[in-house]
Amino acid sequence: MMDQDQIAALADLPKLELHLHFEGAAPPAFIRGLAQEKNVDLSGIFRKDGSYDYRDFVHFLSVYEAATSVLQSPQDFARLTTAVLEECAQNGVIYAETFLSPDFCGGSDVSAWKEYLHAIREAADAAQRDMGITLRGIATPIRHFGPEKARAAALCAAETADDWLVGLGMGGDENQGQQRDFAYAFDMAREAGLRLTSHAGEWRGPQEVRDAVEDLRVERIGHGVRAVEDLAVVDMLIERGITLEVCPGSNVFLGVYDRLDQHPIEKLRDRGVKVTVSTDDPPFFHTTMRREYSALAQTFGWDREVFDQITKNALEGAFCDTDTKTRLAKQLETA
Ligand code: ADE
Ligand code: ZN
């Protein structure tokens, strides 16, 4: 058994986070403040204690979209950037990739999207100077908005692909449609040089994970944990070197698994899958990167060696360029 000091030391390690929804990382107080400024009534989405209120995954998505409705301008997103990166930095995160939807940033209009990106990058550059944290963006089509909106989002992404906007990653309700319905959007993004990931194997089983790899040719999977239900799919992930963006606290909070000790992250890691650890939408799931690390150390006895491997997987699987990775590797060494 590890003692509390050992667990605290592991939770203090420098971290890389690959799966963080930008709007989903908004602290509830920040969203309430914006709602007040804009005279939007969001009282229905908060509990008395101030946290977000929802019943299940589908309701979570609609509360998420209601909260996002007060983020109405590039300036709002710049303020969100600072608020989110402060939280990340306090949790020892030195590098984060964030899902950022063109649908929520100017309605997938390319020139509006460029203005949002510009404001977010300026705030992220300031955070890098002030807090030593690096941010990169992954443009995010939302699955339950359908393939047509996904194409518009992918066009925004393709038009702005660069050293900051590094990927395309689909989120949203996995129970709607099929991965292949979004192949056109993913092809457009790949041709623009973007790296690819898609949520799969969170709500549907292993076939969905296989579909994301084969039909969309992604190199990472958001969640992917239910691949464990078919070892042939697990072995396919290993053979192809696919990185899983695993969000254990999210999965337990939303009821994919009842308890962390039933979560397959350890089994997947032990078999040789490149797993990483992220928070998904931290205030919605009452989690932080520190809490994720503590809980994993406590539940699975993960030690320094395991967390070093997790960090290495994240650095290798990150979508940023080689110079950034070299800089992050140095930052990890000196931390
Ligand atoms: N959008 C925000 N969080 C998500 C999740 N856990 N799954 C799918 N889409 C999301
Ligand atoms: Zn997610």
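Each reported figure results from applying straightforward, stated rules to the coordinates on display, with no laboratory input. Since the structure is predicted, the reported quantities are computational estimates derived from the model, not experimental observations. Every residue, glycine as well, gets a Cβ built from its backbone with ideal geometry; the counts of neighbours run over all protein chains shown.
This ranking places THR134, THR299 by how few other beta-carbon atoms lie within 10 Å of each, fewest first, which gives THR299, THR134. Treating each Cα of the stretch 263-335 as an identical point scatterer and summing with the Debye formula, the log10 of I(q)/I(0) at q = 0.12, 0.17, 0.23 Å⁻¹ comes to -0.38, -0.75, -1.19. Quick one: check the C-alpha center-to-center distance for the stretch 174-230 versus the stretch 71-108, whole angstrom. Centre-to-centre (Cα) distance: 24 Å. Orientation-averaged projection of the chain equals 15.8 nm² [convex hull of Cα atoms, one quarter of hull surface area].
Comparing ASP163, ASP173, ASP323 in a Gaussian network model of the chain, where Cα atoms under 10 Å apart are tied by springs, the biggest mean-square fluctuation is seen for ASP323. Here TRP164, TRP302 are placed in order of increasing Cβ neighbour count within 10 Å, fewest first, which gives TRP164, TRP302. Sorting 235-246, 53-64, 201-212 by average packing, meaning the other beta carbons within 10 Å per residue, from highest down gives 201-212, 235-246, 53-64.
When the alpha carbon coordinates of the stretch 28-70 are projected onto the principal axes, the ranges are 29, 21, 14 Å, largest first. Bridging of LYS267 to aspartates and glutamates at a Cα separation below 13 Å is possible for GLU229, ASP230, ASP235, once same-chain residues fewer than 8 apart are set aside.
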